[in-house]
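Below you'll find the structure, written out as structure tokens, and then a few comments.
The values are calculated or read from the model by the stated rules, or taken from the named source; none is laboratory data. Just so it is clear, the structure is predicted and the values come from calculations on it, not from any experiment. A quick note on method: Cβ atoms are made from the backbone with ideal geometry, for glycine too, and the neighbour counts reach across all protein chains shown. For accessibility, only protein heavy atoms count, side chains too; no ligands or nucleic acids. Shrake-Rupley method; radii C 1.70, N 1.55, O 1.52, S 1.80 Å.
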Amino acid sequence: MKVTYYGHSCFLVNFAGTKLLFDPFITPNDLAKDIDVSAIEADYILLSHGHGDHIADAVELAKQTKAKVISNYEIIVWLGRQGIENGHPMNHGGAFGFDFGQVKYVNAVHSSALDDGTYLGNPGGFVISNDQHSFYYAGDTALTLDMQLIPRYTKLDFAVLPIGDNFTMGVDDAIIASDFIECNKVVGVHYDTFGYIKIDHEEAIDKFKQAGKELILVNIGDSTDL
Ligand code: NI
Ligand code: MN
């Protein structure tokens, strides 16, 4: 699977020929100023929760790409009010078979409201799988024991976990999460974007290595094959 990183928690996975874009937050992100948003293509846009740093570019990119948007029920209803009708609502514990594979919307321990107080459901993560490939995007979350359920469903090839601390798990908890999900290949996201979540890259990579795991930090705009 080819994974392209657009900064913060925004990345694109080419999943068996289908382009899955997650949590678009590009135009407000100074670190991602070299990304040409108008060139991004997607078949599906998946939104983990309703914070601005995950949905800032969702409406524009949904219009531009004509992608179907997958998220929780409340976010899909909210997008409908912005003129995005091509949505697929889910809720926690539910799975659905799309043309590219199965998506399961799983628990995340976090919050999910707009700055004006608009309620956008409860935050989640996604487990994406077909009969050959499987990965987990945790969204914004604390370390939670619920992660131990995931290897009961599927054998993950890799996981995308937040590592910036303060608002989500930090590196040490992400290493424990990696044990819970039984997956040693981790792509780190949700770090460096704001002052609160700046991390030491070398130290983070080294901590994973000490634990017998691999932490992959993709440069913004770059791709990696996983
Ligand atoms: Ni958040
Ligand atoms: Mn966030």
Exercise for review: From (1) assigned to a helix (DSSP H, G or I); (2) more than 16 Å from ligand 1 (Cβ to nearest atom); (3) open to solvent by less than 60 Å² (accessible area, probe 1.4 Å), pick out the condition that doesn't hold for V3.
Suggested key: (1)
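Considering each residue of segment 100-121, count those that are of a type outside the set (A, V, I, L, M, F, W, C), in contact with a Ser or Thr (Cβ under 7 Å, 6 or more places away or on another chain) and open to solvent by 30 Å² or more (accessible area, probe 1.4 Å), and give that number.
Kept after step one, since they are of a type outside the set (A, V, I, L, M, F, W, C), are these residues of segment 100-121: 101-102, 104-105, 107, 110-112, 115-119, 121.
Next cut, in contact with a Ser or Thr (Cβ under 7 Å, 6 or more places away or on another chain) only: 101-102, 107, 110, 121.
When the remaining residues are screened for being open to solvent by 30 Å² or more (accessible area, probe 1.4 Å), the result is 102, 107, 110.
Matching residues across segment 100-121 total 3.
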Check your understanding: Where residues in segment 33-54 are small (G, A, S) and under 18 Å from G125 (Cβ atoms), which of them is farthest from ligand 2 (Cβ to nearest atom)?
Key -> G50
**Study point:** Single match in G80, G125, G93 (criterion: in a loop (DSSP other than H, G, I, E, B) and modelled with pLDDT of 95 or more)
**Key:** G93
Review point. Restricting attention to segment 36-67, which residues are surrounded by fewer than 18 Cβ atoms within 10 Å (Cβ to Cβ) and either of a type outside the set (D, E, K, R) or not in a loop (DSSP other than H, G, I, E, B) (or both)?
Key: V37, S38, A39, G52, V59, E60, K63, Q64
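Do any strands (runs of 3 or more DSSP E) lying entirely in segment 131-201 carry at least 1 residues that are of a type in the set (A, V, I, L, M) and either open to solvent by 60 Å² or more (accessible area, probe 1.4 Å) or away from ligand 1 (no atom under 16 Å from the Cβ) (or both), and which ones are they? Spell out how you get there, then give the answer.
Working: elements: 134-137, 158-162, 185-189.
Qualifying strands (runs of 3 or more DSSP E): 158-162, 185-189.
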